[in-house]
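A.B. asks: The structure's right below; bear with me while I get my questions together.
The values are calculated or read from the model by the stated rules, or taken from the named source; none is laboratory data. Everything numeric here is computed off the predicted structure, so don't read it as measured data. Don't worry about glycine lacking a Cβ; one is built from the backbone with ideal geometry, like all the others, and counts go over all protein chains shown.
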Amino acid sequence: MKNCAIVGINWGDEGKGRMVDLLTEEFDVVVRYQGGGNAGHTVVNEEGKFALHLLPSGIFRPGVLNILGNGVALDPENLWAEMEDLTSKGISITPDNLKISNRASLLLPWHRELDALEELRLADKKYGSTKQGIAPFYSDKYQKKTILAGELFYPEEMRAHLEDLLEWKNLTLTKVYGADPHSMEDLEKWMSDFCDRIKPFICDTGEVLKKAQNEGKRILFEAQLGALRDLDFGIFPYTTSSNTTAAYAPIGSGLPSLKLTDVIGVVKAYSTCVGEGPFVCEMFGEEADKLREAGFEYGAKTGRPRRVGPIDLVATRYGVEVQGATKIALTKLDVLSYLEEIPVCTHYIVNGKLTDKFPFPPDLSEAKPMIEYVKGWNCDISKVRRWAELPEEAQSYVIMIEDAIGCPISYVSVGPERESIILR
Ligand code: GDP
(Lines give C-alpha, C1' and ligand atoms only; values in the text may rest on other atoms or scores of the structure.)
Protein backbone atom coordinates (compact mmCIF):
# COMPACT_ATOMS: atom_id res chain seq x y z
CA MET A 1 0.00 0.00 0.00
CA LYS A 2 1.71 3.14 -1.19
CA ASN A 3 -0.93 5.82 -1.56
CA CYS A 4 -3.81 4.62 0.55
CA ALA A 5 -6.99 6.40 1.58
CA ILE A 6 -9.01 5.33 4.62
CA VAL A 7 -12.61 6.33 4.22
CA GLY A 8 -16.01 5.76 5.79
CA ILE A 9 -18.49 3.71 3.78
CA ASN A 10 -21.62 4.75 5.66
CA TRP A 11 -22.74 7.76 7.73
CA GLY A 12 -19.46 8.27 9.62
CA ASP A 13 -18.21 6.96 12.97
CA GLU A 14 -17.31 3.64 11.40
CA GLY A 15 -14.05 3.49 13.34
CA LYS A 16 -11.74 5.09 10.77
CA GLY A 17 -9.60 6.68 13.47
CA ARG A 18 -8.61 3.36 14.95
CA MET A 19 -7.81 1.93 11.50
CA VAL A 20 -5.58 4.90 10.71
CA ASP A 21 -3.98 4.56 14.12
CA LEU A 22 -3.30 0.88 13.41
CA LEU A 23 -2.00 1.39 9.90
CA THR A 24 0.17 4.44 10.55
CA GLU A 25 2.90 1.95 11.43
CA GLU A 26 3.13 1.15 7.73
CA PHE A 27 3.09 4.76 6.53
CA ASP A 28 5.48 7.69 6.62
CA VAL A 29 2.94 10.47 6.11
CA VAL A 30 -0.71 10.86 7.20
CA VAL A 31 -2.82 13.56 5.55
CA ARG A 32 -6.27 14.90 6.45
CA TYR A 33 -7.76 16.20 3.22
CA GLN A 34 -11.32 17.39 3.95
CA GLY A 35 -13.74 18.41 6.67
CA GLY A 36 -13.14 20.18 9.91
CA GLY A 37 -13.63 19.76 13.61
CA ASN A 38 -17.27 18.70 13.17
CA ALA A 39 -16.67 15.00 13.64
CA GLY A 40 -14.45 13.02 15.92
CA HIS A 41 -12.23 10.02 15.66
CA THR A 42 -11.72 8.06 18.82
CA VAL A 43 -8.33 6.46 19.15
CA VAL A 44 -7.39 4.15 21.99
CA ASN A 45 -3.69 3.34 22.38
CA GLU A 46 -0.99 2.93 25.04
CA GLU A 47 -1.08 6.68 25.66
CA GLY A 48 -4.77 6.66 26.54
CA LYS A 49 -8.11 7.39 24.89
CA PHE A 50 -8.26 10.42 22.61
CA ALA A 51 -10.98 12.14 20.62
CA LEU A 52 -9.37 13.73 17.58
CA HIS A 53 -11.30 16.32 15.64
CA LEU A 54 -8.85 17.98 13.27
CA LEU A 55 -5.45 16.47 13.86
CA PRO A 56 -4.48 13.50 11.70
CA SER A 57 -4.49 10.20 13.61
CA GLY A 58 -0.81 9.64 12.82
CA ILE A 59 0.03 12.24 15.46
CA PHE A 60 0.53 9.45 18.04
CA ARG A 61 3.24 7.64 16.09
CA PRO A 62 6.76 8.96 16.47
CA GLY A 63 8.41 9.50 13.09
CA VAL A 64 5.12 9.95 11.20
CA LEU A 65 4.66 13.25 9.41
CA ASN A 66 1.10 14.60 9.72
CA ILE A 67 -0.38 17.04 7.25
CA LEU A 68 -3.54 19.12 7.26
CA GLY A 69 -4.23 19.62 3.56
CA ASN A 70 -5.77 22.52 1.68
CA GLY A 71 -9.19 20.79 1.66
CA VAL A 72 -9.75 20.99 5.42
CA ALA A 73 -11.71 23.64 7.26
CA LEU A 74 -8.87 25.02 9.31
CA ASP A 75 -10.26 26.29 12.58
CA PRO A 76 -7.29 27.86 14.41
CA GLU A 77 -9.15 28.06 17.72
CA ASN A 78 -10.23 24.41 17.82
CA LEU A 79 -6.97 23.21 16.38
CA TRP A 80 -4.98 25.03 19.02
CA ALA A 81 -7.21 23.67 21.80
CA GLU A 82 -6.74 20.14 20.45
CA MET A 83 -2.98 20.59 20.18
CA GLU A 84 -2.81 21.86 23.76
CA ASP A 85 -4.91 18.97 25.02
CA LEU A 86 -2.71 16.35 23.37
CA THR A 87 0.52 18.07 24.39
CA SER A 88 -0.69 18.19 28.00
CA LYS A 89 -1.11 14.40 27.80
CA GLY A 90 2.48 13.94 26.66
CA ILE A 91 2.03 13.77 22.88
CA SER A 92 4.74 15.67 21.05
CA ILE A 93 3.47 18.10 18.38
CA THR A 94 6.09 20.18 16.61
CA PRO A 95 6.53 21.70 13.14
CA ASP A 96 8.50 18.52 12.38
CA ASN A 97 5.59 16.14 12.82
CA LEU A 98 2.70 18.47 11.93
CA LYS A 99 2.48 20.66 8.86
CA ILE A 100 -0.49 22.77 7.83
CA SER A 101 -1.12 23.72 4.22
CA ASN A 102 -0.65 27.40 3.39
CA ARG A 103 -3.57 26.90 0.98
CA ALA A 104 -6.00 25.72 3.67
CA SER A 105 -8.71 28.31 4.25
CA LEU A 106 -9.29 29.63 7.75
CA LEU A 107 -12.56 29.00 9.51
CA LEU A 108 -13.29 32.48 10.81
CA PRO A 109 -14.90 33.42 14.15
CA TRP A 110 -18.30 34.14 12.58
CA HIS A 111 -18.64 30.74 10.89
CA ARG A 112 -19.57 28.89 14.07
CA GLU A 113 -22.00 31.65 15.01
CA LEU A 114 -23.67 31.62 11.59
CA ASP A 115 -24.06 27.86 11.78
CA ALA A 116 -25.94 28.18 15.08
CA LEU A 117 -28.05 31.12 13.85
CA GLU A 118 -29.12 29.25 10.72
CA GLU A 119 -30.04 26.07 12.64
CA LEU A 120 -32.09 28.27 14.98
CA ARG A 121 -33.85 29.88 12.01
CA LEU A 122 -34.58 26.46 10.49
CA ALA A 123 -36.08 25.27 13.81
CA ASP A 124 -37.70 21.85 13.22
CA LYS A 125 -36.32 21.77 9.67
CA LYS A 126 -32.74 21.94 10.91
CA TYR A 127 -30.00 19.82 9.31
CA GLY A 128 -28.60 18.59 12.60
CA SER A 129 -25.38 20.56 12.28
CA THR A 130 -22.70 20.12 14.95
CA LYS A 131 -22.50 23.94 14.86
CA GLN A 132 -18.78 23.95 14.21
CA GLY A 133 -19.23 26.40 11.35
CA ILE A 134 -18.48 23.90 8.61
CA ALA A 135 -21.35 24.71 6.22
CA PRO A 136 -20.87 28.52 6.43
CA PHE A 137 -17.13 27.96 6.07
CA TYR A 138 -17.36 25.91 2.87
CA SER A 139 -19.97 28.23 1.34
CA ASP A 140 -17.68 31.17 2.02
CA LYS A 141 -14.70 29.27 0.64
CA TYR A 142 -16.53 28.70 -2.64
CA GLN A 143 -17.54 32.34 -2.65
CA LYS A 144 -13.84 33.16 -2.17
CA LYS A 145 -14.66 34.94 1.09
CA THR A 146 -12.15 33.28 3.40
CA ILE A 147 -8.48 33.76 4.21
CA LEU A 148 -5.75 31.32 3.22
CA ALA A 149 -3.58 30.14 6.12
CA GLY A 150 -0.49 31.33 4.24
CA GLU A 151 -1.81 34.91 4.30
CA LEU A 152 -0.69 35.01 7.93
CA PHE A 153 2.79 35.61 6.52
CA TYR A 154 1.51 38.80 4.84
CA PRO A 155 0.10 40.70 7.88
CA GLU A 156 -0.62 44.01 6.10
CA GLU A 157 -2.47 42.40 3.22
CA MET A 158 -4.25 40.00 5.52
CA ARG A 159 -5.52 42.82 7.71
CA ALA A 160 -6.97 44.60 4.68
CA HIS A 161 -8.50 41.35 3.43
CA LEU A 162 -10.09 40.68 6.84
CA GLU A 163 -11.50 44.21 6.94
CA ASP A 164 -13.25 43.60 3.62
CA LEU A 165 -14.64 40.28 4.78
CA LEU A 166 -15.75 41.80 8.06
CA GLU A 167 -17.71 44.54 6.34
CA TRP A 168 -19.44 41.99 4.10
CA LYS A 169 -20.13 39.45 6.83
CA ASN A 170 -21.52 42.00 9.26
CA LEU A 171 -24.25 42.74 6.72
CA THR A 172 -25.43 39.13 6.94
CA LEU A 173 -25.03 38.92 10.69
CA THR A 174 -26.92 42.10 11.49
CA LYS A 175 -29.41 42.46 8.64
CA VAL A 176 -30.32 38.83 7.99
CA TYR A 177 -30.05 37.36 11.47
CA GLY A 178 -30.33 40.47 13.68
CA ALA A 179 -27.14 39.43 15.49
CA ASP A 180 -24.33 41.64 16.81
CA PRO A 181 -21.60 42.68 14.39
CA HIS A 182 -18.00 41.50 14.77
CA SER A 183 -15.23 44.07 15.14
CA MET A 184 -11.66 44.31 13.94
CA GLU A 185 -10.56 44.23 17.62
CA ASP A 186 -12.24 40.80 18.03
CA LEU A 187 -10.48 39.59 14.94
CA GLU A 188 -7.11 40.89 16.08
CA LYS A 189 -7.49 39.12 19.38
CA TRP A 190 -8.44 35.92 17.57
CA MET A 191 -5.36 36.28 15.39
CA SER A 192 -2.99 36.75 18.29
CA ASP A 193 -4.67 34.12 20.49
CA PHE A 194 -4.85 31.36 17.92
CA CYS A 195 -3.52 32.14 14.43
CA ASP A 196 -0.10 33.29 15.61
CA ARG A 197 0.24 30.07 17.56
CA ILE A 198 -0.36 27.77 14.62
CA LYS A 199 1.70 29.93 12.25
CA PRO A 200 4.97 27.98 12.78
CA PHE A 201 3.25 24.88 11.43
CA ILE A 202 2.08 26.49 8.16
CA CYS A 203 4.03 25.83 4.96
CA ASP A 204 3.71 24.71 1.36
CA THR A 205 2.58 21.15 2.11
CA GLY A 206 2.15 20.44 -1.62
CA GLU A 207 5.96 20.67 -1.89
CA VAL A 208 6.39 18.51 1.20
CA LEU A 209 4.12 15.85 -0.28
CA LYS A 210 5.79 15.99 -3.69
CA LYS A 211 9.16 15.47 -2.03
CA ALA A 212 7.79 12.60 0.07
CA GLN A 213 6.38 11.00 -3.06
CA ASN A 214 9.66 11.37 -4.96
CA GLU A 215 11.47 9.72 -2.06
CA GLY A 216 9.09 6.75 -2.29
CA LYS A 217 7.42 7.48 1.04
CA ARG A 218 4.12 5.77 1.83
CA ILE A 219 1.26 8.19 2.27
CA LEU A 220 -2.01 7.60 4.08
CA PHE A 221 -5.01 9.83 3.36
CA GLU A 222 -7.50 10.13 6.16
CA ALA A 223 -11.11 11.15 5.60
CA GLN A 224 -13.77 12.30 7.98
CA LEU A 225 -17.40 11.11 8.02
CA GLY A 226 -18.60 8.62 5.41
CA ALA A 227 -19.76 8.19 1.80
CA LEU A 228 -23.41 8.92 2.65
CA ARG A 229 -22.38 12.34 4.00
CA ASP A 230 -20.52 13.28 0.82
CA LEU A 231 -21.78 16.58 -0.55
CA ASP A 232 -22.18 15.21 -4.10
CA PHE A 233 -23.05 11.55 -3.50
CA GLY A 234 -24.63 11.46 -0.05
CA ILE A 235 -28.10 11.95 1.43
CA PHE A 236 -28.31 15.57 0.29
CA PRO A 237 -29.09 17.96 1.97
CA TYR A 238 -28.26 16.00 5.12
CA THR A 239 -24.69 15.73 3.99
CA THR A 240 -21.63 17.54 5.14
CA SER A 241 -20.36 20.43 3.02
CA SER A 242 -17.27 18.75 1.62
CA ASN A 243 -16.39 15.59 -0.30
CA THR A 244 -15.81 12.68 2.02
CA THR A 245 -14.99 10.35 -0.86
CA ALA A 246 -11.53 8.99 -1.64
CA ALA A 247 -11.61 10.64 -5.06
CA TYR A 248 -11.17 14.01 -3.34
CA ALA A 249 -7.95 12.95 -1.58
CA PRO A 250 -5.54 14.09 -4.31
CA ILE A 251 -7.13 17.55 -4.47
CA GLY A 252 -7.76 18.15 -0.78
CA SER A 253 -4.33 16.97 0.24
CA GLY A 254 -2.42 19.15 -2.23
CA LEU A 255 -1.17 16.58 -4.75
CA PRO A 256 -3.71 16.74 -7.58
CA SER A 257 -1.66 14.42 -9.81
CA LEU A 258 -1.65 11.62 -7.24
CA LYS A 259 -3.14 8.19 -8.01
CA LEU A 260 -4.40 6.23 -5.03
CA THR A 261 -3.18 2.64 -4.97
CA ASP A 262 -5.55 1.45 -2.23
CA VAL A 263 -8.81 2.57 -0.70
CA ILE A 264 -9.71 0.98 2.62
CA GLY A 265 -13.39 1.42 3.33
CA VAL A 266 -14.41 1.19 6.97
CA VAL A 267 -17.79 -0.40 7.71
CA LYS A 268 -19.33 -0.96 11.11
CA ALA A 269 -20.89 -4.38 11.77
CA TYR A 270 -24.21 -2.53 12.29
CA SER A 271 -25.41 0.97 11.37
CA THR A 272 -25.21 4.25 13.24
CA CYS A 273 -26.06 7.77 12.21
CA VAL A 274 -25.68 11.05 14.06
CA GLY A 275 -28.01 13.93 13.41
CA GLU A 276 -30.93 14.46 11.10
CA GLY A 277 -31.82 12.95 7.75
CA PRO A 278 -33.21 9.73 6.35
CA PHE A 279 -31.86 6.58 8.01
CA VAL A 280 -33.88 3.80 6.44
CA CYS A 281 -32.77 0.90 8.65
CA GLU A 282 -33.25 2.80 11.93
CA MET A 283 -34.35 0.74 14.93
CA PHE A 284 -36.32 2.15 17.84
CA GLY A 285 -37.30 1.30 21.40
CA GLU A 286 -35.66 -1.35 23.52
CA GLU A 287 -33.98 -3.10 20.59
CA ALA A 288 -32.26 0.16 19.66
CA ASP A 289 -31.36 1.03 23.26
CA LYS A 290 -29.66 -2.33 23.74
CA LEU A 291 -27.55 -1.93 20.61
CA ARG A 292 -26.67 1.69 21.47
CA GLU A 293 -25.52 0.64 24.92
CA ALA A 294 -23.64 -2.42 23.67
CA GLY A 295 -21.71 -0.29 21.17
CA PHE A 296 -21.60 2.81 23.38
CA GLU A 297 -22.92 4.85 20.48
CA TYR A 298 -22.66 8.47 21.54
CA GLY A 299 -21.07 11.17 19.33
CA ALA A 300 -17.34 11.75 19.91
CA LYS A 301 -17.76 15.49 19.33
CA THR A 302 -21.22 16.20 20.66
CA GLY A 303 -22.01 13.31 23.05
CA ARG A 304 -25.35 12.99 21.22
CA PRO A 305 -26.87 9.49 21.31
CA ARG A 306 -26.44 8.01 17.85
CA ARG A 307 -29.35 6.56 15.93
CA VAL A 308 -28.75 2.85 15.42
CA GLY A 309 -29.86 0.04 13.14
CA PRO A 310 -28.80 -3.27 11.65
CA ILE A 311 -26.15 -3.40 8.96
CA ASP A 312 -27.62 -1.87 5.83
CA LEU A 313 -26.43 -3.82 2.80
CA VAL A 314 -28.09 -1.44 0.33
CA ALA A 315 -26.37 1.66 1.72
CA THR A 316 -23.09 -0.20 2.28
CA ARG A 317 -22.89 -1.51 -1.27
CA TYR A 318 -23.51 2.02 -2.53
CA GLY A 319 -20.86 3.41 -0.18
CA VAL A 320 -18.31 0.87 -1.42
CA GLU A 321 -19.07 1.89 -4.99
CA VAL A 322 -18.77 5.66 -4.54
CA GLN A 323 -15.63 5.28 -2.47
CA GLY A 324 -14.05 2.95 -5.00
CA ALA A 325 -13.02 0.79 -2.03
CA THR A 326 -10.46 -1.92 -2.75
CA LYS A 327 -10.76 -3.58 0.66
CA ILE A 328 -12.91 -3.32 3.74
CA ALA A 329 -12.27 -3.10 7.46
CA LEU A 330 -15.31 -4.34 9.37
CA THR A 331 -15.36 -2.87 12.88
CA LYS A 332 -17.20 -3.56 16.12
CA LEU A 333 -18.16 -7.14 15.33
CA ASP A 334 -17.81 -7.88 19.08
CA VAL A 335 -20.72 -5.52 19.83
CA LEU A 336 -23.18 -7.95 18.20
CA SER A 337 -22.15 -10.83 20.49
CA TYR A 338 -25.17 -10.35 22.77
CA LEU A 339 -27.65 -11.18 20.02
CA GLU A 340 -29.01 -14.66 19.37
CA GLU A 341 -30.32 -13.53 16.03
CA ILE A 342 -28.85 -10.61 14.11
CA PRO A 343 -31.07 -8.37 11.98
CA VAL A 344 -29.75 -7.46 8.51
CA CYS A 345 -31.26 -4.90 6.14
CA THR A 346 -31.00 -6.63 2.77
CA HIS A 347 -33.20 -4.48 0.52
CA TYR A 348 -35.35 -1.37 0.57
CA ILE A 349 -38.97 -1.14 -0.44
CA VAL A 350 -39.47 2.10 -2.34
CA ASN A 351 -42.94 3.01 -3.59
CA GLY A 352 -44.04 -0.60 -3.11
CA LYS A 353 -41.09 -2.04 -5.06
CA LEU A 354 -38.26 -4.15 -3.65
CA THR A 355 -34.87 -2.73 -4.58
CA ASP A 356 -31.21 -3.22 -3.79
CA LYS A 357 -30.27 0.18 -5.29
CA PHE A 358 -29.63 3.12 -2.99
CA PRO A 359 -32.39 5.64 -3.81
CA PHE A 360 -32.11 9.22 -5.05
CA PRO A 361 -32.41 11.50 -1.97
CA PRO A 362 -36.12 12.48 -2.18
CA ASP A 363 -37.07 8.76 -2.44
CA LEU A 364 -35.16 7.95 0.74
CA SER A 365 -37.84 9.29 3.05
CA GLU A 366 -40.31 6.84 1.45
CA ALA A 367 -38.00 3.85 1.65
CA LYS A 368 -38.74 1.03 4.09
CA PRO A 369 -36.17 -1.53 5.18
CA MET A 370 -36.50 -5.22 4.36
CA ILE A 371 -35.09 -7.04 7.39
CA GLU A 372 -33.89 -10.64 7.58
CA TYR A 373 -32.40 -12.41 10.58
CA VAL A 374 -29.24 -14.47 10.62
CA LYS A 375 -27.96 -16.70 13.43
CA GLY A 376 -25.75 -14.94 16.00
CA TRP A 377 -22.71 -16.44 17.75
CA ASN A 378 -23.82 -15.31 21.18
CA CYS A 379 -20.44 -15.54 22.92
CA ASP A 380 -17.55 -13.19 23.69
CA ILE A 381 -15.25 -12.79 20.67
CA SER A 382 -13.28 -9.81 21.95
CA LYS A 383 -10.17 -11.90 22.68
CA VAL A 384 -10.12 -13.64 19.30
CA ARG A 385 -7.11 -12.68 17.18
CA ARG A 386 -7.28 -15.19 14.32
CA TRP A 387 -9.95 -15.68 11.69
CA ALA A 388 -10.03 -19.44 12.16
CA GLU A 389 -10.84 -18.94 15.85
CA LEU A 390 -13.96 -16.88 15.20
CA PRO A 391 -17.20 -18.84 15.76
CA GLU A 392 -18.66 -20.18 12.53
CA GLU A 393 -21.69 -17.87 12.80
CA ALA A 394 -19.41 -14.83 13.06
CA GLN A 395 -17.43 -15.98 10.02
CA SER A 396 -20.70 -16.50 8.10
CA TYR A 397 -21.87 -13.01 9.07
CA VAL A 398 -18.68 -11.46 7.69
CA ILE A 399 -18.80 -13.54 4.51
CA MET A 400 -22.48 -12.68 4.01
CA ILE A 401 -21.59 -8.95 4.09
CA GLU A 402 -18.60 -9.47 1.82
CA ASP A 403 -20.70 -11.27 -0.78
CA ALA A 404 -23.41 -8.60 -0.65
CA ILE A 405 -21.08 -5.62 -1.07
CA GLY A 406 -18.69 -7.18 -3.55
CA CYS A 407 -15.47 -6.12 -1.83
CA PRO A 408 -13.04 -8.22 0.22
CA ILE A 409 -13.20 -7.75 3.99
CA SER A 410 -9.53 -7.82 4.91
CA TYR A 411 -9.71 -6.65 8.53
CA VAL A 412 -12.22 -7.62 11.18
CA SER A 413 -12.14 -5.65 14.40
CA VAL A 414 -13.37 -7.15 17.66
CA GLY A 415 -12.44 -4.45 20.17
CA PRO A 416 -11.18 -0.87 20.39
CA GLU A 417 -7.56 -1.74 21.26
CA ARG A 418 -4.77 -1.67 18.71
CA GLU A 419 -4.33 -5.44 18.82
CA SER A 420 -8.04 -6.32 18.52
CA ILE A 421 -7.91 -6.66 14.76
CA ILE A 422 -8.13 -9.92 12.86
CA LEU A 423 -6.32 -9.93 9.51
CA ARG A 424 -7.84 -12.13 6.86
P1 GDP B 1 -14.45 7.29 13.40
O2 GDP B 1 -14.85 8.71 13.41
O3 GDP B 1 -14.86 6.62 12.12
O4 GDP B 1 -13.02 7.07 13.75
O5 GDP B 1 -15.32 6.52 14.51
P6 GDP B 1 -15.52 6.87 16.07
O7 GDP B 1 -14.23 7.16 16.66
O8 GDP B 1 -16.62 7.80 16.27
O9 GDP B 1 -16.09 5.47 16.56
C10 GDP B 1 -15.33 4.43 16.80
C11 GDP B 1 -15.55 4.04 18.25
O12 GDP B 1 -15.64 2.66 18.36
C13 GDP B 1 -14.39 4.41 19.16
O14 GDP B 1 -14.85 4.63 20.47
C15 GDP B 1 -13.50 3.18 19.10
O16 GDP B 1 -12.63 3.04 20.19
C17 GDP B 1 -14.54 2.12 19.09
N18 GDP B 1 -14.17 0.95 18.33
C19 GDP B 1 -13.55 0.90 17.13
N20 GDP B 1 -13.46 -0.36 16.70
C21 GDP B 1 -14.06 -1.12 17.66
C22 GDP B 1 -14.33 -2.52 17.77
O23 GDP B 1 -14.01 -3.33 16.91
N24 GDP B 1 -15.01 -2.93 18.88
C25 GDP B 1 -15.41 -2.08 19.86
N26 GDP B 1 -16.06 -2.57 20.92
N27 GDP B 1 -15.18 -0.76 19.80
C28 GDP B 1 -14.51 -0.28 18.69
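A.B. asks: Can you name the number of the only condition in (1) crowded, with 19+ Cβ neighbours inside 10 Å; (2) over 22 Å from the mean Cα position of the chain (by Cα) that Lys89 fails?
C.D. replies: Going through (1) crowded, with 19+ Cβ neighbours inside 10 Å; (2) over 22 Å from the mean Cα position of the chain (by Cα) one by one, Lys89 breaks only (1).
A.B. asks: On to the next question. Filtering the range 392-423 down to residues that are surrounded by fewer than 16 Cβ atoms within 10 Å (Cβ to Cβ) and assigned to a loop (DSSP other than H, G, I, E, B), which residue is modelled with the lowest pLDDT?
C.D. replies: Ranking the qualifying residues of the range 392-423, first place goes to Arg418.
A.B. asks: Let me ask you something else. For residues that are out of contact with any Phe, Trp or Tyr (no Cβ under 7 Å at 6 or more places or on another chain) and of a type in the set (Lys, Arg), scanning just the range 206-233, find the one that is surrounded by the fewest Cβ atoms within 10 Å (Cβ to Cβ).
C.D. replies: Result: Lys211.
Rundown of residues vs (1) surrounded by fewer than 22 Cβ atoms within 10 Å (Cβ to Cβ); (2) within 12 Å of the ligand (Cβ to nearest atom); (3) under 24 Å from Thr239 (Cβ atoms), yes/no style:
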{"residue": "Gly295", "(1), (2), (3)": "yes, yes, yes"}
{"residue": "Ala315", "(1), (2), (3)": "no, no, yes"}
{"residue": "Ala325", "(1), (2), (3)": "no, no, yes"}
{"residue": "Leu336", "(1), (2), (3)": "no, yes, no"}
{"residue": "Val344", "(1), (2), (3)": "yes, no, no"}
{"residue": "Tyr348", "(1), (2), (3)": "no, no, yes"}
{"residue": "Phe360", "(1), (2), (3)": "yes, no, yes"}
{"residue": "Met370", "(1), (2), (3)": "yes, no, no"}
{"residue": "Lys375", "(1), (2), (3)": "yes, no, no"}
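A.B. asks: So if I check each of Ala73, Ala51, which one is surrounded by 22 or more Cβ atoms within 10 Å (Cβ to Cβ) and within 18 Å of the chain's Cα centre (by Cα)?
C.D. replies: Just one listed residue meets the conditions, Ala73.
A.B. asks: Evaluate the range 192-215: report whether one residue or more is part of a helix (DSSP H, G or I) and more than 30 Å from Ser92 (Cα to Cα).
C.D. replies: no
A.B. asks: Which of the residues belonging to the range 25-49 are over 30 Å from Pro109 (Cβ atoms) and away from the ligand (no atom under 13 Å from the Cβ)?
C.D. replies: Glu25, Glu26, Phe27, Asp28, Val29, Glu46, Glu47
A.B. asks: Taking the range 187-239, which residues are touching a residue at least 12 places away in the same chain (Cβ under 8 Å) and basic (Lys, Arg)?
C.D. replies: Answer for the range 187-239, where residues must be touching a residue at least 12 places away in the same chain (Cβ under 8 Å) and basic (Lys, Arg): Arg197, Lys199, Lys210, Lys217, Arg218, Arg229.
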